[in-house]
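The values are calculated or read from the model by the stated rules, or taken from the named source; none is laboratory data. Source: prediction; values computed, not measured. Heads up, the Cβs are rebuilt from the backbone with ideal geometry, glycines too, and the neighbour counts pull from every protein chain shown.
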Ligand code: SAH
């Protein structure tokens, strides 16, 4: 198969036949790989130039009522040392982040019933009052339409909810019975309807993931046209039933980053911490393959270790200021530049 021709077709049509998708996903041909990433870079630079947007990640609770099989903070893990940040601690992270040039804050956590809608609403309001020029992103899982509306009305701008897999059968192999693929997908639609900038995404190489599943993911992403798309390798966590499963690979993650850039040209695409965890230069390489966002950790250093979704997570003990310095240098080696900007989606 002429894989270079297939990549050109992908640029025009944003979809391929099953056999073309398979061939592209399976190839290890260096020339094809380099053409794919150069297409992705060209598209990214034509839209976003050399800018890399930063998002300050605040991991504000590791309590979770869900039992996702892959996740280290799932409710069944009795070894997890649970914590919640206070409002004051969260706002202190925001204040510090603002000084360091962050204009987007991502509040991420497990699905923690302690944080009622009222609590989330007042947190969002407090951040927006403190810094009206900043965007607030929530990543707190599946909620009702009413809850999502309340957060939006309080000022939340964006919502990250990885779809995890576009295949309902695969979803069942990663989640317990009480969690449903339909509900997660409906949440994404609801978020979009309300007016959020919405992010979906998946883990590369999650247990039981097949080529067909990945093709379904890519078709879903191409059709849904998310504003953001979070993809990173699956990495096993020692206290989960997937502890002995292999991690996703650097090569496949980079390939998918490039493909997603081609499918959704203006998407905000992070080079994730998980990518930096499986390879010391993973995030730099991600940026060279079409990613244009990095999400450094602003959480207090004493809780970082506890927000352990997978083993080996990087940046555990460096202070936020050091983190951003180190990251700025990494971004520069990739030929890009961190900007002080909300970094909204082009159509927002
Ligand atoms: N509770 C929120 C936030 C989840 S954590 C929610 O449900 O959306 C954010 C993402 O981390 C998850 O969506 C998942 O894709 C990823 N993740 C969880 N466990 C992981 C692991 N073991 N390896 C890599 N990524 C993981």
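Table for the structure above
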| item | result |
| --- | --- |
| Helices (runs of 4 or more DSSP H) (entirely within segment 126-202) containing at least 3 residues that are under 19 Å from the mean Cα position of the chain (by Cα) and within 21 Å of residue 109 (Cβ to Cβ) | 181-194 |
| Flag if residue 207 is within 14 Å of the ligand (Cβ to nearest atom), modelled with pLDDT of 95 or more, under 25 Å from residue 312 (Cα atoms) and surrounded by fewer than 21 Cβ atoms within 10 Å (Cβ to Cβ) | yes |
| Only one of 136, 94 that is more than 16 Å from the ligand (Cβ to nearest atom) and in contact with a helix residue (DSSP H, G or I) (Cβ under 6 Å, 6 or more places away or on another chain) | 94 |
| Residue list for segment 12-37, filter: in a helix (DSSP H, G or I) and surrounded by fewer than 15 Cβ atoms within 10 Å (Cβ to Cβ) | 12, 13, 18, 19, 26, 30, 31, 34 |
| Filter result (in contact (Cβ under 8 Å) with a residue 40 or more places away in the chain and under 24 Å from residue 234 (Cβ atoms)) within segment 179-190 | 179, 183, 184, 187 |
| Evaluation of residue 120 against (1) outside any loop (DSSP other than H, G, I, E, B); (2) more than 16 Å from the ligand (Cβ to nearest atom); (3) more than 18 Å from residue 54 (Cα to Cα); (4) in contact (Cβ under 8 Å) with a residue 24 or more places away in the chain (one fails), failing number | (2) |
| Filter result (more than 9 Å from the ligand (Cβ to nearest atom) and not in a helix (DSSP H, G or I)) within segment 211-243 | 225, 226, 227, 228, 229, 238, 239, 241, 243 |
| Some residue of segment 104-114 being farther than 21 Å from residue 186 by Cα, exposed (fewer than 15 other Cβ atoms within 10 Å of the Cβ) and within 16 Å of the ligand (Cβ to nearest atom) | yes |
| Test: residue 312 is in a loop (DSSP other than H, G, I, E, B) and surrounded by fewer than 22 Cβ atoms within 10 Å (Cβ to Cβ) | yes |
| Enumeration of residues in segment 63-82 that are within 20 Å of the chain's Cα centre (by Cα) and more than 10 Å from the ligand (Cβ to nearest atom) | 63, 67 |
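Let's see how each residue does on (1) touching a strand residue (DSSP E or B) at 6+ places or on another chain (Cβ under 9 Å); (2) under 28 Å from residue 81 (Cα atoms):
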{"position": "284", "(1), (2)": "no, no"}
{"position": "295", "(1), (2)": "yes, yes"}
{"position": "306", "(1), (2)": "yes, yes"}
{"position": "321", "(1), (2)": "no, yes"}
